[in-house]
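Engineer: Here you go, one structure.
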Amino acid sequence: MNIKIESMGIDDIDSVLKISKLSFPHPWSRRSFEQELENSFATYLVAKLDDQVIGYGGMWIIIDEGHITNIAIHPDYRNRGVGDKILHKMITTCSEKKVIAMTLEVRVSNIAAQKLYSKYGFVEEGIRKKYYEDNGEDALLMWKRW
């Protein structure tokens, strides 16, 4: 697949909203994504196949730390390396901006995401108890440091 990773634009939000609704119990609103595009700390990327958005990822970069807010792939394109490409671009972006550490929270049940993050050097450093509102599931706190 010829997947391109590029900056998210306002025209991508409809597709991103669809993917968010298919991926999360409490998807973000249109306004939330619009605000992120206006946020100087935020970097949002989309994965496109033939100009169709099939995944997205976002993070905040504050001083020298990056915090991944979300990565989601359309169900029809999961397990094809799309998340890998988005995460790789996020790490590259952080490296270019002299970030020295990245962090994220991931559901304890989301083994596929944990494996992806581990592949890129993220390690478990804690647990956030009852982090997720929909079911009270714990989140693993993972960090990658350079």
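The values are calculated or read from the model by the stated rules, or taken from the named source; none is laboratory data. In this text, all values refer to a predicted model and were calculated from it rather than measured experimentally. All Cβ positions, glycine included, derive from the backbone under ideal geometry; neighbour counts span all protein chains shown. Ligands, DNA and RNA are stripped out before the accessible areas are found, and what is left, the full protein with its side chains, is counted by its heavy atoms. Shrake-Rupley method; radii C 1.70, N 1.55, O 1.52, S 1.80 Å.
Engineer: Kindly list the number of the only condition in (1) closer than 21 Å to Lys115 by Cα; (2) exposed (fewer than 12 other Cβ atoms within 10 Å of the Cβ) that fails for His26.
Structural biologist: The one condition His26 does not meet is (1).
Engineer: Here is a further query. Residue pairs, Cβ under 9 Å, 6 or more apart or interchain, first in region 108-119 and under 12 Å from Asp138 (Cβ atoms) and open to solvent by 60 Å² or more (accessible area, probe 1.4 Å), second hydroxyl-bearing (Ser, Thr, Tyr) and modelled with pLDDT under 95. List them.
Structural biologist: Between residues of region 108-119 that are under 12 Å from Asp138 (Cβ atoms) and open to solvent by 60 Å² or more (accessible area, probe 1.4 Å) and residues that are hydroxyl-bearing (Ser, Thr, Tyr) and modelled with pLDDT under 95, there is no close pair.
Engineer: For region 13-32, enumerate the residues that are in contact with a Phe, Trp or Tyr (Cβ under 9 Å, 6 or more places away or on another chain), under 18 Å from Leu87 (Cβ atoms) and of a type outside the set (A, V, I, L, M, F, W, C).
Structural biologist: Ser20
Engineer: Can I ask one more? Take region 120-146 and flag every residue that is over 20 Å from Thr93 (Cβ atoms) and either touching a residue at least 24 places away in the same chain (Cβ under 8 Å) or touching a helix residue (DSSP H, G or I) at 6+ places or on another chain (Cβ under 6 Å) (or both). Steps first, please.
Structural biologist: Filtering region 120-146 down to residues over 20 Å from Thr93 (Cβ atoms) leaves 123-141.
Within region 120-146, Tyr131, Tyr132, Glu133, Asp134, Asn135, Glu137, Asp138, Ala139, Leu140, Leu141 meet the criteria.
Engineer: With among the small types (Gly, Ala, Ser), within 20 Å of Ile19 (Cβ to Cβ) and in a helix (DSSP H, G or I) as the only criterion, which of Ser32, Ser95, Ser118, Ser109 stands out? Full working, then the answer.
Structural biologist: Working: Ser95 fails: within 20 Å of Ile19 (Cβ to Cβ); Ser118 fails: within 20 Å of Ile19 (Cβ to Cβ); Ser109 fails: in a helix (DSSP H, G or I).
Only one candidate passes the filter, namely Ser32.
Engineer: For region 38-68, which residues satisfy the criterion of being open to solvent by 50 Å² or more (accessible area, probe 1.4 Å) and either over 14 Å from Glu6 (Cα atoms) or in contact with a helix residue (DSSP H, G or I) (Cβ under 6 Å, 6 or more places away or on another chain) (or both)?
Structural biologist: Narrowing region 38-68 to residues open to solvent by 50 Å² or more (accessible area, probe 1.4 Å): 38, 40-41, 50-52, 60, 62-65, 67.
Those that are open to solvent by 50 Å² or more (accessible area, probe 1.4 Å) and either over 14 Å from Glu6 (Cα atoms) or in contact with a helix residue (DSSP H, G or I) (Cβ under 6 Å, 6 or more places away or on another chain) (or both): Glu38, Ser40, Phe41, Trp60, Ile62, Ile63, Asp64, Glu65, His67.
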